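First comes the structure, then the notes that go with it.
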Amino acid sequence: MAGYELLSEQNLRLDGRKADELRRIQCKLGVFGQADGSAYLEQGNTKVLAAVYGPHEIYRHGAGGASRPTLTATSNEQAVINCQYSAAVFSSGERKRRPRGDRKSQEMSMHLRQTFQAAIKTELYPRSQIDIYVEILQADGGNYCACVNAATLALIDAGIPMKDYVCACTASLMNDRPVVDINNLESTTGGPELTVAVMAKSGEIVLLEMSQRFHVDHLEKVMDLAMEGCQNIYHILDKEVRAHVSKRGSLLGWEAT
Amino acid sequence: MRDVPLSNLERQFLLDALEESKRLDGRSTPQRRPLELHFGRVEGTALVSVGETQSDHASLVYAQASASIAEPAVSRPIEGMLNIFVTYCGSAAARFADAAGTAGGDEAVEVTRLLERCLKESRCLDLESLCIVAEEKVWQIRLDVNILSAAAGGVADAASVAALAALAHFKRPEVTLQGDQVTIHPVSERDPVALAIHHYPVLSTFAFFNRQKSGSNAEKIVCVDPTWQEEQVMAGKIVFGVNPYREICTLHLAGQLLIDKSVVLRYAHVASQHAKSVVDLIKNQLHEDTQKRLAGQTEEIGFAFAFKQNSILQNVKPAEMVSTANLEHV
């Protein structure tokens, strides 16, 4: 695949986006009837389903690959957050043998749990458990980000109080220029990948991950662009939540406020 | 089995002491614990201890590198492979004592993924030089990292030093190609060859604590190289994988933090200085080890010799005058 440039001279990427353009985001809340909260989110070609069950009584059995805090965590004062990240076997280019339980999935589950432990108001539900299940239907880069965004929507749909929206975005460096929201091709063949999850209104960083290597001097501009991307995603998600609530509300006869 | 949990009083005491920039082991907040590195007799083995050696308050990590020949991955036919396996021994801590515990749970996954991102994905090892015959045979380097004791925390940092030291110390058998014929020479015939390492990324952990009196917007207290108790109480942490050239190879930040970019940048710089000193340590120890092997001093290499020096039976301290000036007279 020689002869293609990730970032051309006109500053266009392979899919025609500019360096600071996000992929198209489409999302829907309340896709499942059975789960307490659910959401479907598409970020470009990455498609994610999130389902939230809870708060409910704590039970210790966990499906393979789920991440839960160690038994020493006090559940008398806080809710226990249980997260499972699963990628469908047909989600990537080559058929995956294990949808969950392999190391990368375990790491993702752990990161998701850490993120939402910080964002959900767990002190309101002591001695309870909140389950978050995320399933990747199609993986095209930015998997963790799409999961975080979808899980935020699902938690809102479930009515679980959170301190703020959690929005996540990736950014990378091409030809010393920062680019936002990278897809699978750009992440495997291109340079380093920085993933950031923030609380939307306050800009607090909840999770920051970086892979491959780049020089410390570039870190700031890449981080800035990723956080800007998160702000844009927040606006998109918020619009969808308000539209969903007013649609549901109008069916029940509420006044749109 | 469960670990003995940290009581609320202990938590509060730790946080109160940190308000005054005091840590339980007497260190200042930017001070690291001493790191000791020993190489074993077998090439590719390294033992790292953080904290007072051979006490309850030390973390011990043992890393071993070994090589075997395998078929390369289909997507990368001219590159060798590096696989990292992290195991917590049952002796590491009470929570790992039973068979189910040695899987390690979240902790093991975190340390494994940090090491993988730091060493594998940053491509610190030259994998192309490990190719023997393209698409057929390549060297597969297996790095086993055993956490012998996790009591003192700082496991990720110690593990990265041990893993790097093991890779730097390891020598693989020499291979010669004559036309189509590949000969792999046993160690008895030809001296083994060291691995080609591009750069040395080292992990550095920083723990963040909220100030109690002021709101969460105030500047956080930052501790370098947290102990296990500090990790239980912290509000969040950053783990940097930086090499001495100030290139960030991995970055992991988790927790409920209000983090400013400038904080991240500042600690990246601190981590890079630590990386420099670690690389110097590895190179010095390697140099000493090579000298001893060349001089045929086989009695003085290996772990047994290193431990003897710390033995209670051989503790030698020069006589020191004690000042009685400040003692109260009875």
Of all the stretches in chain A, which is the longest one without any exposed loop site, taking GluC sites (Glu not before Pro) in a DSSP loop (any state but H, G, I, E, B) with at most 14 other Cβ atoms within 10 Å? A:95-254
Whole-Hz ³J(HN,Hα) from phi, Karplus 6.51 cos²θ - 1.76 cosθ + 1.60, for region B:292-298, glycine and proline x: 5, 5, 5, 7, x, 7, 5
By a straight-distance test (C-alpha under 20 Å), which lysines pair with residue B:22 as possible cross-link partners, with residues fewer than eight away in the same chain excluded? B:213, B:220, B:237
Fraction of accessible area attributable to carbon and sulfur, region A:3-256 (%, probe 1.4 Å): 48
Would you mind computing Rg(Cα) / (2.2 N^0.38 Å) for the protein assembly as shown, counting N as its residues? 1.04
Please go through the residue pairs B:120/B:283; A:28/A:239; A:239/B:261; A:104/A:201 and name each one whose alpha carbons sit more than 19 Å apart in this structure. B:120/B:283; A:239/B:261; A:104/A:201
Residue A:125 - accessible surface, heavy atoms, 1.4 Å probe, Å² rounded to 10: 60
DSSP-loop chymotrypsin sites (Phe, Trp or Tyr not before Pro) across region A:176-257, with at most 11 other Cβ within 10 angstrom: A:254
Once the Cα atoms of helix B:155-169 and of chain B are each reduced to a long axis, what angle between those two axes, in degrees from 0 to 90 to the nearest 10, is obtained? 30
Have a look at A:153, A:219, A:192 and report the one farthest towards the positive end of the charge dipole of region A:3-256, computed about the Cα centre with Cβ charges (Lys/Arg +1, Asp/Glu -1). A:153
Where A:24, A:177, B:172, B:113 fall by accessible area, highest first, once all protein chains stay in place (1.4 Å): A:24, A:177, B:172, B:113
Probe 1.4 Å, all protein chains in place: accessible area of residue A:56 in Å², nearest 10? 40
Rounded to the nearest 500, what is the 222 nm mean residue ellipticity of the protein assembly as shown from helices alone, with -39500 (n - 2.57) per DSSP H run of 4+ residues and division by all residues? -9000 deg cm²/dmol
In Å², nearest 10: area of residue A:167 left accessible to a 1.4 Å probe: 0
Per 10 Å bin, what is the whole-percent P(r) computed from every C-alpha pair distance within region B:1-141? 10, 24, 32, 20, 9, 4, 0
Please compute the per residue accessible area over the protein assembly as shown with all protein chains in place, 1.4 Å probe, rounded to a whole number of Å². 48
Scattering curve values for region A:113-257, log₁₀ I(q)/I(0), Debye with Cα scatterers, q = 0.11 Å⁻¹: -0.47
Quick one: Karplus J couplings for region A:103-120, per residue in order, coefficients 6.51, -1.76, 1.60, θ = phi - 60°, nearest Hz, x for Gly and Pro? 4, 5, 5, 5, 5, 4, 4, 5, 5, 4, 5, 4, 4, 7, 4, 7, 9, 7
Integer Hz, Karplus 6.51/-1.76/1.60 couplings in order for region B:282-291, x for Gly and Pro: 4, 5, 5, 4, 4, 4, 4, 4, 4, 4
Nearest 100 Å² is fine: what is the total accessible surface buried where chains B and A meet, probe 1.4 Å? 3200
quick shape note, region A:3-256: Cα extents on principal axes in Å, largest first -> 56, 46, 36
In whole percent, how big is the carbon plus sulfur part of the accessible area of chain B, probe 1.4 Å, protein atoms only? 52
Solvent-accessible area lost in complex, 30 Å² minimum, residues of region A:115-133 relative to chain alone, 1.4 Å: A:118
For region B:175-234 and region A:78-136, distance of Cα centres in Å: 26
Output the relative contact order of chain A, whole-number percent, from Cα pairs under 8 angstrom with separation of 6+ residues. 20
Could you let me know the centre-to-centre spacing of region A:190-205 and region B:4-29, using Cα atoms, in angstrom? 31
Loop GluC sites (Glu not before Pro), region B:124-200 (other Cβ atoms within 10 Å of the site Cβ: 16 or fewer; DSSP): B:135, B:136, B:174, B:189
With T = 37 °C, eta = 0.692 mPa s and Kirkwood Rh from C-alpha pairs, the Stokes-Einstein D of chain B in µm²/s is about 150
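The values are calculated or read from the model by the stated rules, or taken from the named source; none is laboratory data. Values in this document were obtained by computation on a predicted structure and should not be read as measured data. Neighbour counts are summed over all protein chains in view; Cβ atoms, including those assigned to glycine, are modelled from backbone coordinates with ideal geometry. For accessibility, only protein heavy atoms count, side chains too; no ligands or nucleic acids. Shrake-Rupley method; radii C 1.70, N 1.55, O 1.52, S 1.80 Å.
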